[in-house]
Amino acid sequence: MKKRVFSGIQPSGHIHIGNYIGAVRNWLVNLEDRDNIFCVVDQHAITVPYDPEALHSGTREAVALYIACGLDPQKCRLFVQSHIPEHTELAWLLTCITPMGWLERMTQFKDRVGARRERVGTGLFVYPTLMAADILLYQAHEVPVGDDQKQHVELTRDIAERFNRQFGEVFTVPEPVIPQVGARIMGLDDPTAKMSKSTEGQYHSVGLLDDPDKVRKTIMRAVTDSQQGIVFDPQRPGLFNLLTIYQALTGQENAEIETHFAGKGYGDLKKELVEVVIAEIEPIQARYRELTADPAYIDEVLAESVEKLRPIVDATMDGVRRAMGHR
Ligand code: TYM
């Protein structure tokens, strides 16, 4: 039996190179030797104010981008969260066994809410139980994510273990899989803040669908410091971030990169990085244009996945409902 992998992205904005390096690229590595399920989690994206039309088009864009990045629908299941209503059913059941204290410890919630606590939707608070439901519904063994989602996957483990202790062994306890390089890509306009889909600012991120001119401007303007020398130094976050993106996309070792840039300046690094990034995203964009020329194709992929996932969903939910006394 192949190990099962589950992961997802929120269609809460355009997918950027942080999502690509921290997540999607690592999903491609095990396409052959794992049983892979990748989701566009549209029900997560409604936990903050949003525009329904933008959500719909963003969801389709994300599915097409998954395929354009190399997630071949013959080798994995690609689907949209809201097409399988059991995600929210299971989320409610898990919410009832998740202590509030566990959710209150989630750093992402604390960071995002700040002083707005009285006003944000309750969904934003219970969001990690929906994420746990996504993963546990498919009995996934591995969850490849960026650094910011590690705590949520660990919470998912705690919820699964608690459920299994209380109601009997129903869930597989999943492991987070975090990449060694690029697990946390920072904003190009502010290397002290994580690159995020929802951060405004023209030169904050590079989107996978950005044109070469936008890529060039964003990288050339990236915030660095006034020091000299191109070395991997975490104390120089702007430089470190550019080098990390370079390293993730070229696959070279630190020493090799430092030798390559010895005696050169930030401008040289930025120019080369522009070329590396464009070379990576251009073929993705070409495939994206081909795929989206036939909207019916995406619909077929999504419908077929739901059909193939149905037996897994039914088996898990049958076990959960029986264990919890809903017979
Ligand atoms: P989301 O949509 O914020 O991000 C999608 C994936 O990209 C990673 N990521 C990053 N990696 C490196 N640098 C960055 N700056 C960066 N920003 C984002 C994220 O870690 C993630 O892997 N809650 C999740 C979506 C989700 C999910 C799931 C993931 C819902 N259910 C079940 C895995 C399994 C989220 O908001 O990711």
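The values are calculated or read from the model by the stated rules, or taken from the named source; none is laboratory data. Computed from a predicted structure; not experimentally measured. Cβ placement follows ideal geometry from the backbone for every residue including glycine, while neighbour counts extend to all protein chains displayed. We work out accessible area using only protein heavy atoms, side chains counted, and drop any ligands, DNA or RNA first. Shrake-Rupley method; radii C 1.70, N 1.55, O 1.52, S 1.80 Å.
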Q: Give me a count of the residues in the range 284-307 that are farther than 15 Å from Asp72 by Cα and among the basic types (Lys, Arg).
A: 1
Q | Residue tally, condition at pLDDT 95 or above, open to solvent by 50 Å² or more (accessible area, probe 1.4 Å) and over 25 Å from the mean Cα position of the chain (by Cα), over the range 309-327 | A | 7
Q. Is it the case that Met100 is within 15 Å of the ligand (Cβ to nearest atom) and either at positive phi or not charged (D, E, K, R) (or both)?
A. no
Q | Selection within the range 192-218 - within 27 Å of Val48 (Cα to Cα), more than 12 Å from the ligand (Cβ to nearest atom) and open to solvent by 20 Å² or more (accessible area, probe 1.4 Å) | A | Thr192, Glu200, Gly201, Gln202, Tyr203, Leu209, Asp210
(Q) Condition first: more than 9 Å from the ligand (Cβ to nearest atom), in contact (Cβ under 8 Å) with a residue 60 or more places away in the chain and open to solvent by less than 30 Å² (accessible area, probe 1.4 Å). Now tell me which residues in the range 28-44 satisfy that. (A) Ile37
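Rundown of residues vs (1) under 21 Å from Ala23 (Cα atoms); (2) not in a loop (DSSP other than H, G, I, E, B), yes/no style:
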{"residue": "Ser196", "(1), (2)": "yes, no"}
{"residue": "Arg216", "(1), (2)": "no, yes"}
{"residue": "Gln228", "(1), (2)": "no, no"}
{"residue": "Phe232", "(1), (2)": "no, no"}
{"residue": "Gln235", "(1), (2)": "no, no"}
{"residue": "Leu249", "(1), (2)": "yes, yes"}
{"residue": "Lys271", "(1), (2)": "no, yes"}
Q. Taking into account only those residues within the range 172-186 that are more than 11 Å from Thr244 (Cβ to Cβ) and outside any loop (DSSP other than H, G, I, E, B), which is farthest from the ligand (Cβ to nearest atom)?
A. Glu175
Q) Out of all the residues in the range 139-154, which are touching a residue at least 60 places away in the same chain (Cβ under 8 Å), crowded, with 22+ Cβ neighbours inside 10 Å and more than 6 Å from the ligand (Cβ to nearest atom)? A) Ala140, Pro144
Q) Out of (1) more than 15 Å from Val153 (Cβ to Cβ); (2) open to solvent by less than 10 Å² (accessible area, probe 1.4 Å); (3) near the ligand (Cβ under 8 Å from one of its atoms); (4) not β-branched (Val, Ile, Thr), what's the single condition that is false for Asn19? A) (2)
Q: Looking for whichever is open to solvent by less than 50 Å² (accessible area, probe 1.4 Å) and either over 21 Å from Glu89 (Cβ atoms) or within 8 Å of the ligand (Cβ to nearest atom) (or both) here; the options are Asp134, Asp189. Which one fits?
A: Asp134
Q) Is it the case that the range 298-307 has a residue that's open to solvent by less than 10 Å² (accessible area, probe 1.4 Å), part of a helix (DSSP H, G or I), touching a residue at least 60 places away in the same chain (Cβ under 8 Å) and hydroxyl-bearing (Ser, Thr, Tyr)? A) yes
Q: Please work out if Gln74 is under 17 Å from the mean Cα position of the chain (by Cα) and surrounded by fewer than 21 Cβ atoms within 10 Å (Cβ to Cβ).
A: no
Q.
Looking at the range 109-122, can you tell me whether even one residue there is of a type in the set (A, V, I, L, M), within 14 Å of the ligand (Cβ to nearest atom) and in contact (Cβ under 8 Å) with a residue 12 or more places away in the chain?
A. no
Q: Please work out if Val63 is under 25 Å from Gly319 (Cβ atoms), among the aliphatic types (A, V, I, L, M) and under 17 Å from the mean Cα position of the chain (by Cα).
A: no
Q) With (1) within 16 Å of the ligand (Cβ to nearest atom); (2) assigned to a helix (DSSP H, G or I); (3) touching an Asp or Glu at 6+ places or on another chain (Cβ under 9 Å); (4) under 26 Å from His16 (Cβ atoms) as the list, and Val63 as the residue in question, which single condition is left unmet? A) (3)
(Q) For the structure I just gave you, tell me whether Ala279 is modelled with pLDDT of 95 or more, more than 30 Å from Leu93 (Cβ to Cβ) and open to solvent by 30 Å² or more (accessible area, probe 1.4 Å). (A) yes
